[in-house]
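Bear in mind these aren't lab numbers, they're just calculated from the coordinates by the rules spelled out. Everything numeric here is computed off the predicted structure, so don't read it as measured data. No Cβ is skipped: glycine too gets one built from the backbone with ideal geometry, and neighbour counts run over all protein chains shown.
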Amino acid sequence: MTCRRGALIVLEGVDRAGKTTQCLKLVQALQQSGREAEMMRFPDRTTVIGELISSYLMKKSNLEDHTVHLLFSANRWEMVPLMKQKLEQGINLVVDRYAFSGVAFTSAKPGFSLEWCRNPDVGLPKPDLVMFLQVNPGVAEKRGEFGTERYETSFFQSTVHQRFEELMEDKSVNWRVIDAARSIEEVHNDIKLLSENIIHFSENQPIGMLWS
Ligand code: NYM
């Protein structure tokens, strides 16, 4: 590698935990400190696969549960060449949801094991850092707009939260839990510090493969 690679930084959490706000603030802060940084989000609703997912989430169409799980995964895989290219160019990627949301949301449905849900995402670029924005689902629900899309019920979200807890037991992933019930600035300061450290740590390491 001729230049230092960028870090792959993921923010995860239940709906309305503040991930998007924090991703935007992190990208801005990294850029202001002279680093190259870009935001990505999953699902990426702009692709053909992403449009199918978006229509499903907005309840404009129905898809069979295994099928939509595989579409969410395919929506990540279709971005892998671009992600690798940017990381190798030294661009830090700040990603709003990744495979962990994929597993947590589908495995919250009856009859889906964590293992089955993980399989399609095995081998994706491995995040250098995954920050889990921890808020009680009741707090998230009060933050507004909750309840407009599929999955946005407090019962489903608390099952999703339990699945995330199970995923965080996996020590092969660099998880950090952030108390996201605090002010936006307090949460941001923690996220920024952890991100700066991991950017420094990852720059000379190869990009890993998730769950393999
Ligand atoms: N979601 C997101 C999944 O069910 N599987 C996935 O793989 C991913 C990435 O889609 N409720 C769910 C979580 C959210 C919704 O919401 C996307 P948003 O607001 O676009 O992050």
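Look at the dipole of the range 8-206 built from charges on Cβ: of 34, 124, 20, the Cα furthest out on the positive end belongs to 20.
Counting only Cβ charges, +1 for Lys and Arg and -1 for Asp and Glu, the dipole size of the range 59-99 around its Cα centre is about 120 debye. Across all C-alpha atoms in the range 8-206, the radius of gyration and Dmax reach 16.2, 47 Å. Our coupling estimate for the range 151-165, obtained by passing each phi through the Karplus curve with A = 6.51, B = -1.76, C = 1.60 and θ = phi - 60°, is 6, 8, 10, 5, 5, 4, 5, 6, 5, 4, 4, 4, 5, 4, 4 Hz, Gly and Pro reported as x. Using C-alpha pairs under 8 Å with a sequence gap of at least 6, the mean separation divided by the residue count of the range 8-206 gives a relative contact order of 32 percent.
Annotation: amide H-H contacts under 5 Å for residue 14 (H modelled 1.01 Å from N, sequence separation of 5 or more, or interchain): 135. Close amide H contacts of residue 176 (hydrogens built in the peptide plane, cut-off under 5 Å, sequence separation of 5 or more or a different chain): 130, 131, 132. Fully extending the segment from residue 185 to residue 66 would add 39.0 nm, taking 0.36 nm per residue of separation and subtracting the current Cα-Cα distance.
Neighbour counts of other Cβ atoms within 10 Å put 69, 161 in the fewest-to-most order 161, 69. Rounded to the nearest 20 debye, the dipole size of the chain about its Cα centre is 240 debye, using +1 on the Cβ of Lys and Arg and -1 on the Cβ of Asp and Glu. In units of the rule-of-thumb radius 2.2 N^0.38 Å, the range 61-153 shows an alpha carbon radius of gyration of 1.23. Rounded to the nearest 500, the helix-only mean residue ellipticity at 222 nm of the chain stands at -14000 deg cm²/dmol, with each DSSP H run of n ≥ 4 adding -39,500 (n - 2.57).
With +1 on the Cβ of every Lys and Arg and -1 on the Cβ of every Asp and Glu, and nothing else charged, how large is the dipole of the range 53-123 about its Cα centre, in debye rounded to the nearest 20?
With Lys and Arg at +1 and Asp and Glu at -1, about 180 debye.
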